[in-house]
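Q: First the structure, which I've put down as structure tokens, then a few questions once you've had a look.
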Amino acid sequence: MPDISAQGRPHTTDAGHISFFRLYAHRIRRQARWLGLAPFFIFLFAFMIIPASSLIVGSFQDNTGALTFDNFIHLLKPNIVSSYLITINLSATTAVLGGLGGLLIAYAISLGGLPQGIRSFVSTFSGVASNFAGVPLAFAFISTLGRAGFITVLLRSIFGIDLYDTGFNLYSFWGLSLTYIYFQIPLMVLIIQPALDGMKKEWREASENLGASAFQYWFHVGIPVLLPSLSAAVILLFGNAFGAYATAYALTGGLINLVPILIGAQIRGNVLHDPNLGYALAFGMIIIMTASIIAYLWLQRLSSRWIK
Amino acid sequence: MGFIELEGISKNFGCNTVVNELSLSVKKGEFVSFLGGSGCGKTTMLRMIAGFETPSKGSILINNVNVSNIPPARRKLGMVFQNYALFPNMTARKNIGFGLRISGIPRTETEKRVDEMLDLIHMTQFGDHYPHQLSGGQQQRVALARAIIVKPGALLLDEPLSALDAKIRIQLRDDIRAIQQQLGITTIYVTHDQEEALSISDRVAVMREGRIEQIGTPLNIYNRPATSYVASFIGTLNMFYGSVVDAEKGVVTVGESLLRTAESISVDSGKTVRVAIRPEALSLFNNETMSDANFLPGRIETIKFLGSTVRFIIKFEDKFISMDCFNTPQFKMPQKGEQVSVTFSREACQILPGDAIPFCYHE
Ligand SMILES: Nc1ncnc2c1ncn2[C@@H]1O[C@H](COP(=O)(O)OP(=O)(O)OP(=O)(O)O)[C@@H](O)[C@H]1O
Ligand SMILES: [Mg+2]
């Protein structure tokens, strides 16, 4: 029989026993660390992996459960294509506009040299406002900019301007965009703030010192350094808008043909009930979201390399 | 007329005066260091020269031109920052070539000069590395090259080595000095490290609370500190309170002992002064000791072996004295607790005004 202690088994000396238990204690401790994450993994499994898999499986089934590709062929129907286009358009519009607004605010509070008090106020407000979505947000907008909304009435009675005569309509694409932008701007402030804080003032000074104009600084340094973070942030805003359901539903009641609303209608609706088509729609949405997240992570990595 | 003239510069932040009526003239090709503790206004002074801060009072002349209204981008000064401040999105090459590129120098010429610079800073093989792929020392070399490639009128360095570890710090500081000498570029160097300042500068300006406390050659600053602040700031120093017995002949008492200085004392007899003696000026009494030397009796408290030198802490009455001796083969090492006689020449005895904070010795 070979000498087992030579194969890495513990020695039988006292000291060996101690190190044996130490070794295992260490392993158990190491595993215990993972144990702490168990609730997270259970949650992930129960509410993400299982639903997503059943959704993907369902999208390849007809209503009898047989394998089919019909659901995906149906995705090419004009109203579905147009709903994807509208959703993408709405998400992109609000991501870009909200992103721009958020960037300007974040720039003002981080590089614009505003007092610390304003900065922490804006940060706190952004934290709250970026989460203010869904029915309450829709209601807030209806009560200010709706046909009988506070501001609408105020403008009409004081200045004699009828918002809705000028072509504005809260329940239209642009009305919905405006509502979305309300939570996109603060979200942008929150995401882009760290990136702007990471811009060293010495870069600006070094470039000035070497004779560069402000334009040359932004062209050669500022924008290239910020670009990955900026695009990542805009992509995140895009995904944020793409998945928003309650705000749109509460505001337009399904008047605007958005993908999340369409999915809702297919899965639990009464008129359009076709869960499998709903699954295929959702599958398409998962693909778009996944692509956004991958792009986001990739860009984040790119920028974190630069801004430490 | 110096190449850089600072004339009565003051800078206030609110009611806080950070630089106070500071004047200095730096000759062309000279290497001057600002040396001082944290918060004494070194960075602020440098940033005013670079143009990033405006003086509240006084004027700055560079090459006989008042630069008060010239923005930093047109002052043609090279600046090196403490945290390197390389552009993170550019390789070392691109960083170095930035100044030439933006001023529209043709590409081939830029590339050629970048190559020369990479060679000068010994980084030829790192040209295509991004800053995050370079060590701190390498980044600072690139930052130096980026500043000097545009042939600036003067080079301004703000604690360029303080973020690096000791070994690289010494190597790079010698390189900085060598490059400065090679190019003959006027340089202002900010540091709080006295050894750094003394070892690379033509002149050192010791700063305190926004003023220059003393300016002079490193030798001068070290051997002839003008004030107790400078004396205590530079190197290790023994300082004792004494009282003047005979100002004319240069005699003071420290405790029970009489000490003689080489020169007469400019303080009246009977007044309190401070006597400063460098640890390396002390030695143990032996048969080579001059007959007119000073003596202090004491007991050896601590012996610290530092390699080439040995530091003794010797108790003299209620005070402690540091003494450094070279660790030569013929050196007879005394024992701890031994009673000894410490001797030093008259010249080693520096008399400073007796005001300011009481102070014994520091390491
Ligand atoms: N922009 C500013 N606003 C207000 N106070 C400032 C500003 N810049 C510097 N100070 C103050 O001026 C004083 C001197 O600062 P400075 O940076 O010049 O010191 P320093 O000698 O470079 O110190 P260190 O060795 O720590 O770098 C400090 O007390 C600092 O707080
Ligand atoms: Mg400083």
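Read-outs throughout are calculated quantities, based only on the coordinates presented, and are distinct from any laboratory measurement. All of these numbers come straight from a predicted model, not from anything done at the bench. Neighbour counts are summed over all protein chains in view; Cβ atoms, including those assigned to glycine, are modelled from backbone coordinates with ideal geometry.
Q: Within a 10 angstrom radius of the beta carbon, how do B:ASP165, A:ASP165, B:ASP175 rank from fewest other beta carbons to most? Before the final figure, lay out the partial values.
A: Working: B:ASP165 11, A:ASP165 8, B:ASP175 17.
Listing B:ASP165, A:ASP165, B:ASP175 from fewest to most nearby Cβ atoms yields A:ASP165, B:ASP165, B:ASP175.
Q: Exposed loop sites here are chymotrypsin sites (Phe, Trp or Tyr not before Pro) in DSSP loop states with at most 15 other C-beta atoms within 10 Å. What is the longest stretch of chain B lacking them? Write down the numbers at each step before the final one.
A: Working: sites that count: B:PHE285, B:PHE331.
No qualifying site falls inside B:1-284, the longest such stretch.
Q: Run the numbers on chain B and let me know its relative contact order in percent, using alpha-carbon pairs under 8 Å that are six or more apart. Present the calculation step by step, with values, prior to reporting the outcome.
A: Details: 739 pairs, mean separation 55.6, N = 363.
Reported relative contact order: 15 percent.
Q: Of A:LYS200/B:LYS94; B:LYS27/B:LYS57; B:LYS167/B:LYS332; B:LYS76/B:LYS112; A:LYS200/B:LYS28; B:LYS271/B:LYS304, which ones are farther than 30 Å apart at the Cα? Kindly include the intermediate steps, with their values, before the conclusion.
A: Numbers: A:LYS200/B:LYS94 18 Å; B:LYS27/B:LYS57 22 Å; B:LYS167/B:LYS332 32 Å; B:LYS76/B:LYS112 21 Å; A:LYS200/B:LYS28 32 Å; B:LYS271/B:LYS304 36 Å.
Listed pairs above 30 Å: B:LYS167/B:LYS332; A:LYS200/B:LYS28; B:LYS271/B:LYS304.
Q: Here's another thing I want to ask about it. With θ taken as phi - 60° and the coefficients 6.51, -1.76 and 1.60, list the Karplus ³J(HN,Hα) couplings across the stretch B:304-314 in order, rounded to whole Hz; mark glycine and proline as x.
A: For the stretch B:304-314, the Karplus-derived couplings read 10, 8, 10, x, 6, 10, 10, 9, 10, 9, 10 Hz, x marking Gly and Pro.
Q: Now a separate question. In a Gaussian network model over chain A where Cα atoms closer than 10 Å are linked, find which of A:THR152, A:THR94, A:THR166 has the largest mean-square fluctuation.
A: In the Gaussian network model the winner is A:THR166.
Q: Counting helices only, and only those DSSP H runs with n ≥ 4, report the 222 nm mean residue ellipticity of chain B as the sum of -39,500 (n - 2.57) divided by its residues, in deg cm²/dmol to the nearest 500. Don't skip to the end; give the middle numbers.
A: Numbers: 8 runs with 84 residues, N = 363.
About -7000 deg cm²/dmol.
Q: Express the relative contact order of chain A as a whole percentage, based on alpha carbon pairs under 8 Å and six or more residues apart in sequence. Don't jump to the answer; show the numbers that get you there.
A: Working: 315 pairs, mean separation 78.3, N = 308.
Reported relative contact order: 25 percent.
Q: In addition: Using only the Cα atoms of the protein assembly as shown, what are the Rg and Dmax in Å?
A: 37.1, 118
Q: In whole Å, what is the distance between the alpha-carbon centres of the stretch A:220-273 and the stretch A:278-300?
A: That distance is 11 Å.
Q: Give the separation of the Cα centroids, the stretch B:244-262 to the stretch A:188-216, in Å.
A: 61
Q: Related question: Modelled label-to-label distance, B:PHE13 and A:PHE40, 7 Å Cα→beta-carbon offset: nm?
A: Each label point lies 7 Å from its Cα, and together they span 4.0 nm.
Q: With r as the distance between the Cβ atoms of B:LYS336 and B:ASN220 and R0 = 45 Å, compute the FRET efficiency 1/(1 + (r/R0)^6) and round to 0.05. Could you put the intermediate results ahead of the total?
A: Working: r = 37 Å, r/R0 = 0.82.
About 0.75, to the nearest 0.05.
Q: Roughly what % of Cα-Cα distances in chain A sit above 29 Å, to the whole percent?
A: Numbers: 26598 of 47278 pairs.
When every Cα pair of chain A is considered, 56 percent fall beyond 29 Å.
Q: So, one more: Return a whole-number percent for the relative contact order of the stretch A:81-222, with Cα pairs under 8 Å and 6 or more residues apart as the contact set.
A: Working: 111 pairs, mean separation 50.2, N = 142.
35 percent.
Q: Taking only Cα atoms and a 10 Å spring cutoff, compute GNM fluctuations for chain A and point out the largest among A:THR68, A:THR247, A:THR179.
A: Highest fluctuation among the options: A:THR68.
Q: Taking the 0 to 90 degree range and rounding to the nearest ten, how far is the long axis of helix A:173-197 tilted relative to the main principal axis of chain A, both from C-alpha atoms?
A: The answer is roughly 40 degrees.
Q: A further question follows. Between 0 and 90 degrees, rounded to the nearest ten: what's the tilt of helix A:223-243 against the longest Cα principal axis of chain A?
A: 80
Q: In addition: Let me make sure I get this right: for the stretch B:280-323, a, b and c are the square roots of the gyration tensor eigenvalues over alpha carbons, sorted descending. Under 1.5 in a/c it's rounded, otherwise prolate if a/b > b/c, else oblate. Which is it?
A: Details: a/c = 2.51, a/b = 1.23, b/c = 2.05.
It comes out oblate by the Cα gyration axes.
Q: With springs only between Cα atoms under 10 Å apart, run a GNM on chain B and tell me which of B:ILE62, B:ILE185, B:ILE168 wobbles the most.
A: Result: B:ILE168 has the largest fluctuation of those listed.
Q: Here's something else I'd like to know. Treating the angle as unsigned and between 0 and 90°, give the value, to the nearest 10°, between the Cα long axis of helix A:14-35 and the longest Cα principal axis of chain A.
A: Approximately 10 degrees, to the nearest ten.
Q: Further question: Please give every one of the aspartates and glutamates within straight-line cross-link reach of B:LYS11, meaning a C-alpha to C-alpha distance under 15 Å, and leave out same-chain neighbours fewer than 8 residues apart.
A: Output for B:LYS11: B:GLU21, B:GLU53, B:GLU209.
Q: If you count, for every residue in B:125-136, the Cβ atoms of partner chains within 10 Å of its Cβ, what is the mean?
A: Details: counts 0, 0, 0, 0, 0, 2, 2, 3, 1, 0, 0, 0.
Across the residues of B:125-136, the mean count of other-chain Cβ atoms within 10 Å is 1.
Q: Given the -39500 (n - 2.57) contribution per DSSP H run of 4+ residues, what per-residue ellipticity at 222 nm results for chain A, rounded to the nearest 500 deg cm²/dmol? Don't jump to the answer; show the numbers that get you there.
A: Working: 15 runs with 215 residues, N = 308.
Using -39500 (n - 2.57) per qualifying helix, the result is -22500 deg cm²/dmol.
Q: Mind listing the long-range amide H neighbours of A:LYS200? Cut-off is under 5 Å, sequence gap 5 or more, other chains count too, H placed in the peptide plane at 1.01 Å from N.
A: Those qualifying (amide H under 5 Å, at least 5 residues apart or on another chain) number zero.
Q: Still on this structure: Sort B:SER345, A:SER157, A:SER143 by Cβ crowding within 10 Å, fewest neighbours at the top. Intermediate values should be presented prior to the final figure.
A: Numbers: B:SER345 17, A:SER157 9, A:SER143 13.
Going from sparsest to densest Cβ surroundings: A:SER157, A:SER143, B:SER345.
Q: Please list, or write none, the aspartates and glutamates whose alpha carbon is within less than 16 Å of the alpha carbon of B:LYS249, excluding same-chain residues fewer than 8 places away.
A: In chain and number order, the partners are B:GLU263, B:ASP268, B:ASP292, B:GLU347.
Q: For B:VAL190, B:VAL342, what ranking results if the residue with the fewest other Cβ atoms within 10 Å of its Cβ goes first?
A: Values: B:VAL190 25, B:VAL342 21.
Listed from fewest to most nearby Cβ atoms, that is B:VAL342, B:VAL190.
Q: While we're looking at this one, here's another question. Within 10 Å of each Cβ of A:196-209, how many other protein chain Cβ atoms are there on average? Mind showing how you got there, number by number?
A: Working: counts 0, 0, 1, 1, 7, 3, 10, 6, 2, 8, 14, 7, 9, 19.
Mean shielding by partner chains, rounded to a whole number: 6.
Q: In a solvent-free Debye calculation with one equal scatterer on each Cα, what is log10 I(q)/I(0) for the stretch B:4-229 at q = 0.08, 0.14, 0.15 Å⁻¹, listed in the order of the q values?
A: -0.29, -0.88, -1.00
Q: Separation of the stretch A:82-105 and the stretch B:123-142 by C-alpha centroid, Å?
A: When both Cα centres are located, 40 Å separates them.
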